[in-house]
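Down below is the structure, laid out as structure tokens.
The values are calculated or read from the model by the stated rules, or taken from the named source; none is laboratory data. Keep in mind the model is a prediction, meaning the values are calculated, not measured. FYI the Cβ positions are ideal-geometry reconstructions off the backbone, even for glycines, and counts take in every protein chain you see.
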Amino acid sequence: MEPKAIFDLLKSRFGGDILEIQEEGISPPFAVVSPEKLPEIARFLRDEPGLSFDSLMCLSGVDYKERFAVAYHLHSLKETHRIGVKVYLPKENPSVQSVDAVWPAANFMERETYDLYGIVFEGSIDLRRILLPEDWEGHPLRKDYKYPEFYHGIKV
Amino acid sequence: MKSHAEALPTQEMLINMGPQHPSTHGVLRVILRTDGEVVVNARPDVGYLHRALEKIGERVTYAQYMPFTDRLDYLASMNCNAAWAWTVEKLAGIEVPERAEYIRVIVCELNRIASHLIAFGSFTADMGAFTPFLYAIRERERINDLFEEVCGNRLTYNYVRIGGVSADLPEGLLDKTTEFLDYFEPKIPEYNNLISYNKIFVHRLANVAVISPEEAVAYGLTGPNLRGSGVPFDLRKDEPYSVYPKLEFDVCVGTGERGTVGDCFDRYMVRINEMKESVKILRQAIAQIPDGPVQAKVPRVFKPAAGEVYFRAENPRGETGIYLISDGTVNPYRLKIRAPSFVTMNIFEKITKGLMISDIVAVIGSFDIILPEIDR
């Protein structure tokens, strides 16, 4: 299916929860969805015959300065089509429902996003820091991150 | 029937395997909870090599990032170089001269052979057979010699450029590559006679850590690990890029040759067979390569228009995906690297439950993970 047809199907099913379609200069195009409905939409994308997005290629956090985003790149091995799904989150206490129950591949990538952006994935099976030490302060991939001068009393 | 652990309960032990351990292929730490020799739980702990490559990407220009991609998967630097170049070219809409694309495919496939040789060599060494490792290194050395002639380096090549490659192939290199292929191709059956069908080796791998095709897809396995589970998915065929559509080759999948589809032996065998396919691709590419320029015109101050792109390339360890966001300045706004080994480690805890400690080594070896790519 073409991304456009997939987005139309999503719109007819979820209506106002599909907030925006981003296509201009973006490959694959994104459907921006409301964070509250994400698990439901994810399940629909995976289970609906004709869509069957069985594979989560990539899950990334993005800091757009005035807000955060989590981008999900989806692919269907069966139907060989791909789209992106994006949720925008507020700057203060960003959090979104975890999708590791839908795509188990999400867990490590969610942990990475939590580690480097401080975005909380509610209901995750295991949400801990993954790349940085457990006692690291701050989330380095945020645009306003201040580089620490000391780590455990050692000058860095 | 009761399992070992239920019939003979012993005290549980907590064991640290790694980060300094020869069979963890680098600085991987596995926290093992064991009941005697049986693993109750094996939890991977990664991050020891974290160098903030994504953060660095936001502070350097597109061209300056190329040498950093060498340090992603250093056993397949050419593939990482090329993946970065293809991503940026897709974002900026740059047309690459055909000769440059052929050169990229040639160096990438040579690098794939080199990488699979290390996978084969170190895996057999983990399983207690030292000789195959020496054979593998001997052959890989000849590929390193070729690369040294191409770009001057033997490990981190920094050869591919945005819009082409840094220099044309030196004279006579294609003949030397053909010479190498003629030498290398008969070696593959030799490896099979030497170790692949060795009874002890097969017993260590067959029916160990079986991953079903559904599980493999759901957990995001890619590359040889996915194909080992019998899923015929190869980005070079299914989402073709570069000049791969002009080259013919077969997609190797696990067949359950000595055990069940998706066991450690299948993942091992896929890599052995893929080396044959790479030889096939190389011979065709050498026959087809046209003359012409090797570098497109790319402005010195390179500012792609604002946009977002996700590109993925079939690297020796699976799908290396790059999610690149440009805001129209000279630096990438956001650069996310989806490393195949990183995603693969996600399934580790699930499939190692109930195995023996020695099987853990087999599982790590069969995944052919590489740590700089996991930790980035």
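Things to note:
- Restricted to the stretch A:1-52, and to residues there that are more than 13 Å from chain B (Cβ to nearest Cβ), more than 15 Å from the chain's Cα centre (by Cα) and small (Gly, Ala, Ser), the residue that is nearest to B:Ala218 (Cα to Cα) is A:Gly50.
- The single residue among B:Glu274, B:Glu308 that is in contact with a Pro (Cβ under 7 Å, 6 or more places away or on another chain), at pLDDT 90 or above and either outside any loop (DSSP other than H, G, I, E, B) or among the aromatic types (Phe, Trp, Tyr) (or both) turns out to be B:Glu274.
- Qualifying residue in the stretch B:320-327 (condition: under 21 Å from B:Ile113 (Cα atoms), in contact with a helix residue (DSSP H, G or I) (Cβ under 9 Å, 6 or more places away or on another chain) and either within 14 Å of another protein chain (Cβ to nearest Cβ) or of a type outside the set (Lys, Arg) (or both)): yes
- Consider the stretch B:217-262 and keep the residues that are hydroxyl-bearing (Ser, Thr, Tyr) and either more than 14 Å from every other protein chain (Cβ to nearest Cβ) or part of a helix (DSSP H, G or I) (or both). The one that is farthest from B:Ile289 (Cα to Cα) is B:Thr260.
- Of the candidates B:Pro9, B:Pro22, the single residue that is exposed (fewer than 13 other Cβ atoms within 10 Å of the Cβ), at pLDDT below 90 and in contact with a helix residue (DSSP H, G or I) (Cβ under 9 Å, 6 or more places away or on another chain) is B:Pro22.
- Some residue of the stretch A:53-66 being within 16 Å of B:Gly220 (Cβ to Cβ), within 14 Å of chain B (Cβ to nearest Cβ) and surrounded by fewer than 22 Cβ atoms within 10 Å (Cβ to Cβ): yes
- Considering residues of the stretch A:70-93 that are in contact with a Pro (Cβ under 9 Å, 6 or more places away or on another chain) and surrounded by fewer than 22 Cβ atoms within 10 Å (Cβ to Cβ) only, the residue farthest from A:Pro29 (Cα to Cα): A:Leu89
- Inter-residue pairs, beta-carbon under 6 Å, first within 14 Å of chain B (Cβ to nearest Cβ) and in the stretch A:120-135, second among the hydrophobic types (A, V, I, L, M, F, W, C) and not in a loop (DSSP other than H, G, I, E, B), 6+ apart: A:Leu127/A:Phe121
- Scan of the stretch B:314-335 for residues that are surrounded by fewer than 24 Cβ atoms within 10 Å (Cβ to Cβ), over 13 Å from B:Ala92 (Cβ atoms) and touching a residue at least 60 places away in the same chain (Cβ under 8 Å), ordered by number: B:Asn331, B:Tyr333, B:Arg334
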